[in-house]
Structures are given as structure tokens and as C-alpha cells.
1. Using the structure shown, decide if ASN219 is closer than 23 Å to LEU107 by Cα and more than 13 Å from the chain's Cα centre (by Cα).
2. Considering only residues that are open to solvent by 50 Å² or more (accessible area, probe 1.4 Å) and either assigned to a strand (DSSP E or B) or of a type in the set (A, V, I, L, M, F, W, C) (or both), which ones fall in the stretch 295-311?
3. Kindly establish whether ASP336 is within 16 Å of the ligand (Cβ to nearest atom), of a type in the set (D, E, K, R) and either in contact with a helix residue (DSSP H, G or I) (Cβ under 7 Å, 6 or more places away or on another chain) or without any contact (Cβ under 8 Å) to a residue 60 or more places away in the chain (or both).
4. Among the candidates ASP278, ASP289, which residue alone is within 16 Å of the chain's Cα centre (by Cα), open to solvent by 40 Å² or more (accessible area, probe 1.4 Å) and over 26 Å from LEU22 (Cβ atoms)?
5. State whether one or more residues within the stretch 337-353 are within 30 Å of ASP125 (Cα to Cα) and out of contact with any strand residue (DSSP E or B) (no Cβ under 9 Å at 6 or more places or on another chain).
6. Take the residues in the stretch 339-361 that are outside any strand (DSSP E or B) and more than 27 Å from TYR244 (Cα to Cα), then tell me which one is most open to solvent (accessible area, probe 1.4 Å).
7. Quick one: in the stretch 312-326, which of the residues that are surrounded by 16 or more Cβ atoms within 10 Å (Cβ to Cβ) and either within 16 Å of the ligand (Cβ to nearest atom) or not small (Gly, Ala, Ser) (or both) is nearest to the chain's Cα centre (by Cα)?
8. Identify the residue in the stretch 254-290 that is in contact with a Gly (Cβ under 9 Å, 6 or more places away or on another chain) and not in a strand (DSSP E or B) and, among all such residues, is farthest from the ligand (Cβ to nearest atom).
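The values are calculated or read from the model by the stated rules, or taken from the named source; none is laboratory data. Quick caveat: nothing in here was measured; it's all calculated off a predicted structure. Heads up, the Cβs are rebuilt from the backbone with ideal geometry, glycines too, and the neighbour counts pull from every protein chain shown. When the accessible area is computed, the model is the full protein with side chains, heavy atoms only, and any ligands, DNA or RNA have been set aside. Shrake-Rupley method; radii C 1.70, N 1.55, O 1.52, S 1.80 Å.
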Amino acid sequence: MKTINIGILGLGVVGTGVARLLKEKKQLLTERTGAVLNLKTIADIDTTRDRGIDLGATVLTTDAQGIINDPDIHIIVETIGGETLARDFILKALDQKKHVVTANKALLASHGNDLVKKAKGSGVDLAFEASCGGCMPIIKSLRESLVANHIRSLAAILNGTCNYILTKISRDGSAFEDALKDAQALGYAEAEPSLDIDGFDTAHKLAILNSLAHGMEINLKDIHVEGIRHITPVDIEFAREFGYAIKLLAIGKIHDRHVEARVHPTMIPLSNPLAHVDGSMNAVVIDADATGRTMLYGHGAGMMPTASAVLSDIVDIARNIISGTQRRVPILGVQDDHIRPIPILAMSELHTRYYLRFEAQDHPGVLAKISGILGENNISIESVHQKGLKSNGKVPVVMITHTAKEAWVQKALGEILKTDSVVGDPMVIRIEETARE
Ligand code: HSE
């Protein structure tokens, strides 16, 4: 039986999980692959810390370059993270005609197109199932299982930290800062949480998924990104009253000449299954022309769920090697010469419904003033809600609009802010209706 040699770069949480699965599931993986998956060498700057696994004959070294240069190693697993060292090592590994498996969404989102080209030039595979949604098989679903579909849209919860925080605010009425502290205490949020809570991690994943879903190059820079720092219990409470939940969604939709690619807190009807994805869980709903809606749900992070996804890539590549094929599935799901340059719709051109909450002065004419400005800007109001929760002479006024253009809404809000009718910045949350069944 053929032996496939594997090298891991980076023995952190995910790298350790991959090593564990390769060691502990050796027999199962051999039965399923038809080859022996041999973890030959691991490189990490720390070779002494006890990771709680028996590495057996596997060599643990600080010499990453040695792994890349080793002619016996077929597959390199990059679990270092970040965009500098990891990028350098992946490029060198691809140069050496090694197949590469990575979970590094930030790197793929920023440099994925170059890495894909490099892999093509070297005739090797670049696989990244673990980069989006942890163990959810979203990459394979888009590239393989749904291959006969035009994907109309995807809507996804792809950041467990944000979803945990929003769930906490929703369940306990906690302020954002308290919910963040709680997430940090539980290890869901980093000490420096910006990558997660400001939406960037979700945007990285959306850049990858949009490419696979719509056959376009990976485009991170044009994705509209907003995080969840400004979400308050008051908004979640209003949303619930109207039959909605607030989730940080990644939305990717194809239109005739452009795609939508946006990450922002979104009000979704409670009838949408994504509204019930709580805690640190991830989920994605894919709306495709032959299938209708398909939903995946699972752990988006964590040692073993992420390692499970990495192993699925390793086995794919190993199966290719033993059957004498390479690059059987195109890296971005479409043959390279069919990857289209599809522009991302400017946010100002978006049409959707809006939840607007103002801190309004409680005196006659204020509502008329606000709704007058909205009307002058072509924005039609579906409903108005004013609650008697007066504080410092101000009352929260909530308006739900009919479908309006983002540019009109932003212009109207600018004009409303210039009046003395409201204080502070209004809260703006876009509403996303459930896609068809
Ligand atoms: N930090 C991510 C999250 C997991 O909170 O979901 C890794 O992508």
C-alpha cells in the first residue's frame, strides 16, 4: 500500500488537531483513503511544549524549510496563520511542487488569486476546506455537490465570536461590552477582538465563498464590511417584537452584471433558519437554481472541527495521488479560463429594507420632520414605532422602510442629523427577507 507523507507547518491549536487525527485515526483513514497517511515531520518554533499527543516516529523540528525541501513529503499542511510567514512558506512549497492544505482565510482572501495561479503553474493542488465555517463542508458543497447549479445567493453566519456575542445580548440583555468580556473569558473572543467583531474575519470567508459560488476571482477589497460593536439590547428587543433576529451575515448574491458582497448586522425573519443559529455555531444557506435552499450548520472553529476539515483535504489529495490524477477539482470550482471578472455592487446602489432607530426629541413635529425628510428622499415608511421609554427628554423612534436605495437612506440620514430633532447617530440595520424555498 502506498504511503503518502505529510508535513505540518505550525503546531498550534489546529496543527495539533490535525496531528491528533492523523495519529489516532490512522487505521480509519487508511481504510478510507487506500493509502497510509504518514505524518513525517512537523515544524514549529516551539518544539518543547507538551501538546498532549504522542508523536511517535514523527519528527518535530524548527526547520520549516527542511520540510518544504524534503523530496519524500507529498502534502504540506500550513497551520501557522497570518499573512507573512505562511504566505512565504506556501509559495515555496508550491514552487517545490508540493500539494498544500491550509485553513488560512485571511491569506486566501488577500492573496488567494496569486496562490491559485502558482499552484496551477506547479501542477499541484491547493486545498482550503477549513478556511470557511470550520467543519461545515461548504467548500466541497459549492465546488462538487452543487456543481450542476447556478448559485443564486448565499447567506451565512461565519463568525462564532460575533454570533456568541449577539446571542448573549439577545438572551440576557447584556451590553455589547459585557457580552464581549464574557466571550473573551470563555475563549471565544481574542484579547484583541477586532478581526472578529468588526466583521473582517467574516469578510475573508465571504471573499472565498463568493468566488466559489459565482465563478469569480477572490475579491476582498470591494466587500462592504460592518461589525457588531454598535448593536444594543434595545435593537435586538425591537427586532424580536417585529419578528426578526439580528445576525452578522455574510451575503453574496449574483445579479445580471454584478454580485452583492456585504457583511453587516442584518435583521432576518424568525422564519429564516439562520435566525435560530445561536451561540458560537456557524451556518450557511445556499440558494441554488436546481436545489432551492440548502443549509449547512456546524462548529465554525475549534481544534477538532477545524482539523476534521483539514483532514478531508488531505484525504482528497491522497486519493488523487494514488489514482494517478492531480488537480481533479478546480481550485476555485471553475476551470481557470472560465473565472469571470464580476464586479461587486457598490453599497450605495444596494436596494433593501431598513430598520432605522433615532433618539428623537420628544416634542411636537419631530416625527413629521423625520418622515418628511425620508419622503423627500424617496424613502417610503412601512411602519413607525415610538415607545414611551423617555430618557433625558429623548424617545427612541423606530421606522421600518419599504425597499429603498442605500444612497437615498444615507443622504436622508445626513439631512436628519443636521436638524435638531434627533441626537446622536441613528441606528441603521438592513433587513434581509428569507429567500424562496
Ligand atoms: N475567529 C473565528 C470565529 C474562527 O470566531 O468564528 C476562525 O475563523
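1. When the stated conditions are applied, ASN219 passes them.
2. Within the stretch 295-311, MET295, TYR297, HIS299, ALA301, MET303, MET304 meet the criteria.
3. no
4. Going through ASP278, ASP289 in turn, just one is within 16 Å of the chain's Cα centre (by Cα), open to solvent by 40 Å² or more (accessible area, probe 1.4 Å) and over 26 Å from LEU22 (Cβ atoms): ASP278.
5. yes
6. PRO341
7. The qualifying residue nearest to the chain's Cα centre (by Cα) is ASP313.
8. Among those residues, the one meeting the criterion is SER271.
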